[in-house]
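J.: Questions regarding the structure given below will be posed in turn.
The values are calculated or read from the model by the stated rules, or taken from the named source; none is laboratory data. Only a predicted model underlies this, so the values are computations on that prediction, with no experimental measurement involved. No Cβ is skipped: glycine too gets one built from the backbone with ideal geometry, and neighbour counts run over all protein chains shown.
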Amino acid sequence: MAIKEKFTEATAMAIVVANMIGTGIFTSLGFQLADIRSGFVIMALWVLGGIMALCGALCYAELGSKLPRSGGEYNFLSEIYHPGAGFISGWISATVGFAAPTALAAMTFGEYLGSVFPALNPLILATVLIISMTAVHSTSHKNSGGLQDFFTSGKILLIFGFSVAALFSADTLQDVNYAPQASDLSLFTGGAFAVSLIYVGYAYTGWNAATYLTSELENPKKSLPRVLLVGTAAVMICYLLLNYVFLATAPMDAMAGELEIGYISATYAFGDVGGVIMGLSLSLLLISTVSAMLVAAPRVLQVLGEDYSVFQRLGKKNKNGIPSTAIWLQSIMALIFLWSATFESILIFSGATMALNSLLVVFGVFILRRRHKGKIKEGFSIPLYPLPPIIFISITAVTLVYLTIQNTEEIAFSVATVATGAIGYFFTRRFSNKETLKEALSKNP
């Protein structure tokens with residue numbers, strides 16, 4: 001039997017969907033309702049977040065089809081700007097960019113499953129989840145892809161099943177007006193809207209996941225754009241449906257300022273049994289999230305190992321073409337975050353740093369087009385150019401400004417993280433094998 005050496009388009013799409021749908025969609029609405037009580041504005045937030053994600057996906061699709069290599073931002077920033085910029089990006093992605101969210105998703109999985117089965121320890125459950133997912137993903141593309149396809153399909157079915165059941169089971173649906181009102185204008189121009197957009201942006205994070213494993217896709221120049229766009233659009237539909245269900249089944253007052261939005265909605269829709277249903281559902285949903293992150297994140301470590309001899313062990317693949325060493329190291333970093341339980345605030349500054357990464361990548365579309373002036377004709381081209389990159393850059397810049405104002409301490413940590421990445425690049429460049437280093441720097445001295 002021939003070994004399956006590539007991920008299929010369907011699996012790559014499953015990785016995108018699973019990376020995006022995590023804890024954000026089940027917690028963000030509570031923060032938004034604290035200051036915004038308009039159904040139209042709430043839904044507009046999620047539409048705007050989806051448009052931003054689609055614009056980013058369009059830009060990454062063009063870059064990924066013309067610079068087809070695994071590594072995501074590491075690859076793009078190295079090619080467009082300088083290997084140092086790519087190294088810092090890879091440093092961030094491999095540490096707080098993926099390890100902390102993986103740990104958070106695993107911990108949430110443990111908490112929800114532990115609430116259904118009190119005898120089980122949530123931390124042990126989270127640990128077992130990370131280790132078991134790592135064990136499968138470090139074997140072969142067939143096993144890894146099959147596992148991801150299964151759990152992501154289950155995630156989509158659970159979302160639609162919960163939505164339909166909740167709408168039909170609720171005794172009465174909430175009277176929410178989704179038509180625009182004159183008073184909505186002040187909400188759109190206020191600081192609460194911008195802050196809420198930060199939470200929405202976090203919920204949409206992960207639309208770029210397939211670019212981390214471009215080299216392992218079947219025909220990436222053609223398949224990557226479809227994977228990014230269809231996967232992102234599917235998540236946008238799920239998010240709009242879920243927010244409609246939440247607003248329709250539970251009073252805004254009951255959800256305002258609360259984290260467990262899914263639990264509250266399920267309780268109002270199904271009664272006392274709602275908590276059990278939501279606990280099991282969310283725990284199953286989060287399995288695919290942890291799984292997808294453990295597929296995407298190690299590919300950053302892999303390309304670092306391929307480019308720099310200091311990390312060459314991370315670039316090694318097993319007989320099935322899987323970077324198993326990188327996968328296990330990524331898993332260990334996630335477990336460190338999980339057991340230290342000190343990463344909550346890190347999520348804010350890691351989100352800001354990753355947003356800055358994406359902003360630089362999207363701006364790189366202009367640089368790459370200008371540099372080649374039409375010489376690169378193969379691959380995907382952004383429709384309605386330059387509108388999508390302008391929309392993405394504008395929204396991202398606004399959210400970063402508000403993050404800087406609202407969370408100065410976390411932004412300071414973000415700057416410190418970038419600085420440690422720069423120091424790491426200096427020493428890596430100094431101690432790497434000269435021939436390997438020359439190859440890594442040849443594209444951009």
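J.: Among the residues of the stretch 193-203, is there at least one that is among the aliphatic types (A, V, I, L, M) and more than 30 Å from A10 (Cα to Cα)? Spell out how you get there, then give the answer.
T.: Keep residues of the stretch 193-203 that are among the aliphatic types (A, V, I, L, M), which gives 194-195, 197-198, 200, 203.
Restricting the remaining residues to those that are more than 30 Å from A10 (Cα to Cα) gives 194-195.
Checked against the condition, which is being among the aliphatic types (A, V, I, L, M) and more than 30 Å from A10 (Cα to Cα), the stretch 193-203 yields at least one hit.
J.: From the list E439, E344, which residue is under 17 Å from Y74 (Cβ atoms), surrounded by fewer than 20 Cβ atoms within 10 Å (Cβ to Cβ) and modelled with pLDDT under 75?
T.: On the way: E344 fails: under 17 Å from Y74 (Cβ atoms).
It is E439.
J.: Checking S144 against (1) in contact with a helix residue (DSSP H, G or I) (Cβ under 8 Å, 6 or more places away or on another chain); (2) free of Cβ contacts under 8 Å to residues at least 24 places away in the same chain, which test does it fail?
T.: Of the numbered conditions (1) in contact with a helix residue (DSSP H, G or I) (Cβ under 8 Å, 6 or more places away or on another chain); (2) free of Cβ contacts under 8 Å to residues at least 24 places away in the same chain, the odd one out for S144 is (2).
J.: Could you tell me which of the residues I130, I159, I198, I124 is part of a helix (DSSP H, G or I) and loosely packed, with under 14 Cβ neighbours inside 10 Å? Don't jump to the end; show me each part of the working.
T.: Numbers: I130 fails: loosely packed, with under 14 Cβ neighbours inside 10 Å; I159 fails: loosely packed, with under 14 Cβ neighbours inside 10 Å; I198 fails: loosely packed, with under 14 Cβ neighbours inside 10 Å.
Only one candidate passes the filter, namely I124.
J.: Then there's this: Look through L284, L213, L280 and report the one residue that is modelled with pLDDT of 85 or more and in a helix (DSSP H, G or I).
T.: Working: L284 fails: modelled with pLDDT of 85 or more; L280 fails: modelled with pLDDT of 85 or more.
Within the list L284, L213, L280, the selection yields L213.
Quick grid of which residues meet (1) in contact with a Leu (Cβ under 9 Å, 6 or more places away or on another chain); (2) modelled with pLDDT under 85; (3) more than 30 Å from L384 (Cα to Cα); (4) not aliphatic (A, V, I, L, M):
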site	(1), (2), (3), (4)
A256	yes, no, yes, no
G275	no, yes, yes, yes
S309	yes, yes, yes, yes
N320	no, yes, yes, yes
S324	no, no, yes, yes
F337	yes, yes, yes, yes
G364	yes, no, no, yes
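Every residue, every condition in (1) of a type outside the set (D, E, K, R); (2) in contact with a strand residue (DSSP E or B) (Cβ under 7 Å, 6 or more places away or on another chain); (3) under 26 Å from L284 (Cβ atoms), yes or no:
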site: L157; (1), (2), (3): yes, no, yes
site: V164; (1), (2), (3): yes, no, yes
site: L229; (1), (2), (3): yes, no, no
site: L242; (1), (2), (3): yes, no, yes
site: P251; (1), (2), (3): yes, no, no
site: E258; (1), (2), (3): no, no, yes
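J.: May I ask you to say which residue of M43, M52 is in contact with a Ser or Thr (Cβ under 8 Å, 6 or more places away or on another chain), farther than 22 Å from I327 by Cβ and at pLDDT 85 or above?
T.: Numbers: M43 fails: in contact with a Ser or Thr (Cβ under 8 Å, 6 or more places away or on another chain).
Testing whether each residue is in contact with a Ser or Thr (Cβ under 8 Å, 6 or more places away or on another chain), farther than 22 Å from I327 by Cβ and at pLDDT 85 or above leaves just M52.
J.: Of the conditions (1) among the hydroxyl-bearing types (S, T, Y); (2) in contact with a helix residue (DSSP H, G or I) (Cβ under 7 Å, 6 or more places away or on another chain); (3) at pLDDT 85 or above, Y112 fails just one. Which one is it?
T.: Going through the list (1) among the hydroxyl-bearing types (S, T, Y); (2) in contact with a helix residue (DSSP H, G or I) (Cβ under 7 Å, 6 or more places away or on another chain); (3) at pLDDT 85 or above, Y112 breaks only (3).
J.: For residues in the stretch 265-276 being aliphatic (A, V, I, L, M) and either touching a residue at least 24 places away in the same chain (Cβ under 8 Å) or within 12 Å of A248 (Cα to Cα) (or both), which is surrounded by the most Cβ atoms within 10 Å (Cβ to Cβ)? Full working, then the answer.
T.: Going residue by residue through the stretch 265-276, those that are aliphatic (A, V, I, L, M) are 266, 269, 273, 276.
Narrowing the set further to residues that are either touching a residue at least 24 places away in the same chain (Cβ under 8 Å) or within 12 Å of A248 (Cα to Cα) (or both) leaves 266, 269, 276.
On the way: A266: 28, A269: 26, V276: 14.
Applying the filter and picking the extreme gives A266.
J.: If you don't mind, another one. Among the listed residues I80, I92, which satisfies the condition of being surrounded by fewer than 24 Cβ atoms within 10 Å (Cβ to Cβ) and out of contact with any Asp or Glu (no Cβ under 8 Å at 6 or more places or on another chain)? Show your work before the answer.
T.: Details: I92 fails: surrounded by fewer than 24 Cβ atoms within 10 Å (Cβ to Cβ).
Step by step, each of I80, I92 is checked, and only I80 is surrounded by fewer than 24 Cβ atoms within 10 Å (Cβ to Cβ) and out of contact with any Asp or Glu (no Cβ under 8 Å at 6 or more places or on another chain).
J.: Which residue is surrounded by the fewest Cβ atoms within 10 Å (Cβ to Cβ), if the candidates are limited to the stretch 296-324 and must be hydrophobic (A, V, I, L, M, F, W, C) and part of a helix (DSSP H, G or I)?
T.: At the first step, the residues of the stretch 296-324 found to be hydrophobic (A, V, I, L, M, F, W, C) are 296-297, 300-301, 303-304, 310-311, 314, 322.
If we keep only those that are part of a helix (DSSP H, G or I) as well, we get 296, 300-301, 303-304, 310-311, 314.
Details: A296: 26, V300: 30, L301: 26, V303: 26, L304: 25, V310: 19, F311: 21, L314: 22.
The qualifying residue surrounded by the fewest Cβ atoms within 10 Å (Cβ to Cβ) is V310.
J.: Inspect all residues belonging to the stretch 94-101 and state whether any of them is hydroxyl-bearing (S, T, Y), touching a Leu at 6+ places or on another chain (Cβ under 8 Å) and touching a residue at least 24 places away in the same chain (Cβ under 8 Å). Spell out the reasoning first.
T.: Taking the stretch 94-101 as the starting set, the residues that turn out to be hydroxyl-bearing (S, T, Y) are 95.
Within this subset, residues satisfying the condition of being touching a Leu at 6+ places or on another chain (Cβ under 8 Å) are none.
Taking every residue of the stretch 94-101 in turn, none turns out to be hydroxyl-bearing (S, T, Y), touching a Leu at 6+ places or on another chain (Cβ under 8 Å) and touching a residue at least 24 places away in the same chain (Cβ under 8 Å).
J.: Select from the stretch 68-107 the residues that are in contact with a Pro (Cβ under 9 Å, 6 or more places away or on another chain), assigned to a helix (DSSP H, G or I) and more than 15 Å from L359 (Cα to Cα) and write down the one among them that is modelled with the lowest pLDDT.
T.: A94
J.: Report, by residue number, each residue of the stretch 216-227 that is surrounded by fewer than 23 Cβ atoms within 10 Å (Cβ to Cβ), touching a strand residue (DSSP E or B) at 6+ places or on another chain (Cβ under 8 Å) and not in a helix (DSSP H, G or I).
T.: Hit for the stretch 216-227 is E218, nothing else.
J.: Separate question: Applying the selection to the stretch 10-31, what residues are closer than 12 Å to V200 by Cβ, more than 14 Å from the chain's Cα centre (by Cα) and either among the acidic types (D, E) or surrounded by 24 or more Cβ atoms within 10 Å (Cβ to Cβ) (or both)?
T.: S28, L29
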